Structures are given as structure tokens and as C-alpha cells.
Amino acid sequence: MGFAVDDNTISGVNPRFAVVGAGMAGLLGAIKLREAGFTDITVYEKADRLGGTWRENTYPGIACDVPSHLYTYSFAPNPDWSHVFSPGAEILGYLEAAADRHGVAGLVRYGTEVRRLEYDGSRWRIELSTGERDEADVVIAATGVLHHPRYPDIDGLDEFAGPLFHSARWDHDAPVSGARLGVIGTGSSAVQITGALVDVVGELHLFQRTPQWVLAVDNPPVSDEDRARYRADPTVLVGLRDELNANFVQGFANAVVDAGSPALMRLQELGIANLEEHVADPDLREKLRPHYRAGCKRLIISPNFYDAIQRPNARLVTERIDRVEAGGVRTVDGVLHELDVLVLATGFRVDRFLRPIEVVGRGGVRLDDLWTPRPYAYLSVSVPGFPNLFMLNGPNGPVATSR
Ligand SMILES: Cc1cc2nc3c(=O)[nH]c(=O)nc-3n(C[C@H](O)[C@H](O)[C@H](O)COP(=O)(O)OP(=O)(O)OC[C@H]3O[C@@H](n4cnc5c(N)ncnc54)[C@H](O)[C@@H]3O)c2cc1C
């Protein structure tokens with residue numbers, strides 16, 4: 001390398017940075033690089049808008065499941081969140097405003113996918129979907145974890161006669177009002193869709209493979225008075241964020257990575273109490289009861305899932321899916337669940353990280369080979385043999401239960 005970074009000062013040359021991805025992490029990377037005094041930065045974004053997750057997921061009910069006043073950049077508190085857990089579109093607006101305010105929106109090159117990265121002994125050579133090439137001293141990959149939709153291996157998906165789409169590719173032209181809607185999956189997206197649409201559709205069929213631990217947390221609006229208070233005195237907002245952060249780290253983040261922790265036991269008790277108190281029918285209750293410890297999968301935060309699934313027009317289907325047919329989903333017991341619209345809320349390919357970018361490091365070593373059978377990284381950030389290539393939200397970076 002022809003430069004050294006010491007206490008945020010740059011000696012030698014002005015290094016060139018390429019950031020891959022303009023989601024929450026890539027934008028943060030660009031903001032912090034500028035703060036540190038670097039000026040030669042390009043953020044490559046394959047889509048035509050920034051925001052990553054919050055641009056792509058537009059399904060009914062999408063909202064943060066971390067309190068909004070915590071789900072913000074620490075240096076950019078937002079007094080105007082509408083709810084304790086604000087809707088996705090608001091988060092997208094927040095990220096766009098933050099990128100503008102912090103001077104990085106203009107660094108983003110949209111519609112430009114990074115296809116290949118090769119280390120030539122001193123710099124990274126970058127191949128782009130536009131056919132252009134670039135070079136950078138440092139590459140920061142912020143390509144997302146919950147980014148590549150995972151499509152289930154179910155026979156007949158292409159035979160379904162009505163609209164069929166992944167939750168991260170919501171078809172807003174699909175008529176759901178009064179329709180017979182099928183949702184495959186019971187993760188956070190499926191639960192949010194169920195809560196948002198059960199009173200809109202004619203019938204809602206939720207296909208469950210694994211019951212979830214569901215914590216009932218209300219999502220009230222933030223009052224006008226509180227918002228005015230946050231605007232008038234930013235220290236109140238900072239205090240609120242610190243408090244939420246302490247509670248979240250102690251009561252949640254630390255808990256889910258320590259199977260024996262009292263905090264995780266408490267979360268488990270809360271999940272059981274939610275189930276026992278809110279699900280009246282004993283058969284349904286047993287179908288919804290998880291048979292594994294809380295924290296093995298991402299916990300579900302929902303103010304209304306159990307109410308929604310007990311509506312007269314909602315059905316929880318626990319029989320295994322045999323195949324999809326033109327008219328609906330057939331389960332292994334031979335029953336055809338007739339549907340007009342089918343949503344695959346089947347999550348994401350969480351082992352992708354930088355892939356499908358072809359990454360070739362020192363000595364021609366391919367990252368894809370190194371990551372067979374599974375991805376690894378030093379502190380989730382870097383991989384030996386790939387100098388000055390850093391990942392945000394790399395392997396094991398997000399909380400373990402995201403995967
Ligand atoms: C439905 C849903 C709900 C979620 N809710 C929460 C929540 O409540 N709380 C929470 O903490 N987290 C939540 N998450 C996780 C969320 O993904 C992260 O919080 C955060 O938004 C991730 O930001 P990111 O920048 O790392 O990735 P992303 O937001 O995925 O952004 C990655 C960006 O990189 C771009 N990109 C990828 N590959 C390339 C390439 N080769 N070339 C150019 N550009 C590329 C993508 O187009 C995208 O814009 C949720 C995720 C989903 C899917």
C-alpha cells in the first residue's frame with residue numbers, strides 16, 4: 001500500500017475508496033470516511049435508489065422491529081419518528097435525508113453493480129455491470145445480509161395461476177382486497193403481512209413449517225407532544241436512545257447469544273405468557289407453540305400476530321406442503337388450499353455476503369472457494385489474503401439468530 005492512516009490523518013497519497021452498496025451500512029461507511037478526511041470515495045449501488053432493505057421491502061405491514069429511536073445513526077437522531085416501530089417507508093425517507101445531510105448522496109453511482117473485484121498486488125481492480133472498470137486502494141463491501149431472496153424448493157411454483165411473489169418483491173398490482181391470500185413462512189415478514197392484511201383479504205392461509213417465539217410489544221404512535229419535546233431539546237432524544245440502547249443490549253442482544261442467561265429465560269417466559277394468554281383455542285395454541293428454545297431463531301416482535309391468526313377468516317396450516325398447483329397449495333394430507341394470491345415469505349440467502357461478486361485475492365485465491373463450505377472472516381470484517389477489503393455486516397456480524 002502506498003499510504004498510511006494514523007489517527008485519522010492520511011500520509012502519502014489520497015487513497016481511493018470504493019463502497020459497494022448504498023444501504024444503511026454503506027452510507028454509514030461513506031459518511032464516516034468523509035468525517036475521517038477521505039475525499040476520493042465512490043459508492044456503487046446496483047439499484048436506482050439508496051436504502052437497501054428499506055427500498056426493497058414494501059410489503060404491507062413492514063416496519064422496524066427495533067425501536068425507531070434506536071434504529072438510527074447515533075449521530076443523526078430523528079425527532080419525527082411516527083411510531084415506536086416506524087414503517088419501512090419512513091426508514092427509507094430517514095436514510096435518504098441522512099445521506100443528503102451528511103453529504104454522501106452525491107457519491108452514489110446508481111444502476112451500477114460491482115461484478116468482479118481482483119487484487120493486483122497493490123490495488124483492487126473493479127469490474128462493473130456497465131462494462132466500465134475502476135480501481136481502488138480500499139473496498140468496503142456493504143452488500144447486505146438479508147438481501148438475496150430465498151425461494152423455497154417446492155414443486156409447481158410456476159404452475160400457480162394467480163400472482164405469486166416473494167415478500168421482498170411485493171407486487172402492488174396484485175389484488176389482495178377480498179382475495180384468498182396464501183403466505184408461506186412464519187418469520188418476521190410473514191407475521192407483519194398477516195397482521196396488516198388479515199382484515200383486508202377474504203381468507204388468509206398461513207403455511208407454517210416452524211412455530212415461532214412471538215413477543216407481544218405494542219407499537220403506539222409517538223405523540224405530537226413528545227415529538228415537539230424531542231425537537232426542542234435534542235438531549236432528551238439522546239437520553240432516550242441511550243436508554244433504549246442499554247435495554248436492548250442487556251435485555252435482548254446479549255440474551256440471544258447466551259443460552260443460559262436470565263434475560264433469555266425472561267424472554268422465553270414472555271413468549272409463553274403471550275401464547276397462553278392470547279390464543280384461546282387449545283389446538284391452535286399447540287400448533288403455535290415452539291418446540292425449541294427461544295433465541296434459536298430470530299425472535300418475532302408483534303403487537304397483533306396472535307389476534308390476527310385467530311380471526312375467523314385466518315387459517316394456520318401446519319401440514320407440510322406437497323406442491324403448488326394452479327388453484328392453490330396442496331398439502332401432504334391431500335387437501336388443496338384454494339388461493340388467488342401466493343406470497344413467499346421465505347426469507348433470504350444469508351450465506352451470500354459479497355457473492356455473487358467474483359472476488360479474487362492475493363495469489364489468485366477466489367473468495368468463493370475459500371468460503372466453501374461456509375463463509376468466515378476475522379471479526380466479521382476481513383479475510384486473510386484479501387488486503388484492504390472490508391465487510392460491513394460480514395460473516396457472524398449480525399446477531400447470530402438472523403441466520
Ligand atoms: C424485511 C426486513 C426487515 C428488517 N427489519 C429489521 C429491524 O427491524 N431491525 C434491524 O436491526 N434490522 C432489520 N433488518 C435487517 C436490515 O437488513 C439491516 O438492519 C440493515 O438495513 C442492513 O443494511 P445493509 O446496508 O447492511 O444492507 P442492505 O440494506 O441489504 O443494503 C445492501 C445494498 O447493497 C446493494 N448491493 C448489493 N450487492 C451489490 C453489488 N454487487 N453492487 C452494487 N450494489 C450492491 C443492494 O442493492 C443494497 O442497496 C430487516 C431486514 C429485512 C429484510
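The values are calculated or read from the model by the stated rules, or taken from the named source; none is laboratory data. All values reported here derive from a predicted model rather than from experimental measurement. In this analysis, Cβ positions are derived from the backbone assuming ideal geometry, glycine residues included, and neighbour counts consider all displayed protein chains. Accessible surface areas use protein heavy atoms only, side chains included; no ligands, DNA or RNA. Shrake-Rupley method; radii C 1.70, N 1.55, O 1.52, S 1.80 Å.
Evaluating 6.51 cos²θ - 1.76 cosθ + 1.60 at θ = phi - 60° for every residue in region 180-189, the Karplus couplings come out as 8, 9, x, 10, 9, x, 9, x, 4, 5 Hz, glycine and proline recorded as x. Considering only Val114, Val13, Val249, the Gaussian network model of the chain with Cα springs below 10 Å gives its largest mean-square fluctuation to Val13. Annotation for Val335 and Ser382: the two label points, set 7 Å from Cα along the Cα-Cβ direction, are 5.6 nm apart.
Round to a whole number: what % of the accessible area of region 31-184 belongs to carbon and sulfur, probe 1.4 Å?
The C+S portion of the solvent-accessible surface of region 31-184 is 46 percent.
Relative to the longest principal axis of the Cα atoms of the chain, the long axis of helix 262-278 makes an angle of roughly 30 degrees.
Once you order the gyration tensor axes a ≥ b ≥ c over the Cα atoms, which shape class does region 246-403 get: rounded for a/c under 1.5, otherwise prolate or oblate by comparing a/b with b/c?
Because a/c hits 1.5 or more and a/b fails to exceed b/c, region 246-403 counts as oblate.
Its alpha carbons considered, region 153-257 gives a radius of gyration followed by a Dmax of 19.7, 57 Å.
For region 75-114, what does the alpha-carbon gyration tensor say about shape, rounded, prolate or oblate, given a ≥ b ≥ c as the root eigenvalues, a/c under 1.5 as rounded, and a/b over b/c as prolate? Since a/c reaches 1.5 but b/c is at least a/b, the shape of region 75-114 is classed as oblate. Secondary-structure-derived ellipticity at 222 nm for the chain, considering helices only, amounts to -7000 deg cm²/dmol, per-run term -39500 (n - 2.57) for DSSP H runs with n ≥ 4.
Among Val381, Val332, Val183, the residue with the largest mean-square fluctuation in a Gaussian network model of the chain, with springs joining Cα atoms closer than 10 Å, is Val332. For the chain, the average shadow cast by the Cα convex hull is 22.0 nm², which is a quarter of the hull's surface. Using every pair of distinct Cα positions in region 323-362, the Kirkwood expression returns a hydrodynamic radius of 13.6 angstrom.
Once the 1.4 Å probe is applied to the protein heavy atoms, the chain comes out at 47 Å² accessible per residue. Amide H to amide H distances under 5 Å link Val317 with Leu206, Phe207, Gln208, where only residues 5 or more positions off or on other chains count and H is placed in the peptide plane. Modelled label positions at Asn254 and Glu132, each set 7 Å beyond Cα in the direction of Cβ, lie 4.8 nm from each other.
For the peptides 64-77, 191-204, residues were scored by their other Cβ atoms within 10 Å and the scores averaged per peptide; the highest-first order is 191-204, 64-77.
Of Asp283, Asp340, Asp351, which has the largest mean-square fluctuation in a 10 Å C-alpha GNM of the chain? Looking only at Asp283, Asp340, Asp351, the biggest GNM fluctuation is shown by Asp283.
Counted over all Cα-Cα pairs of region 82-206, pairs farther apart than 23 Å make up 56 percent.
Quick check: the angle from helix 234-248's long axis to the longest principal axis of the chain, C-alpha only, nearest 10 degrees? Taking Cα atoms only, the helix is inclined about 70 degrees.
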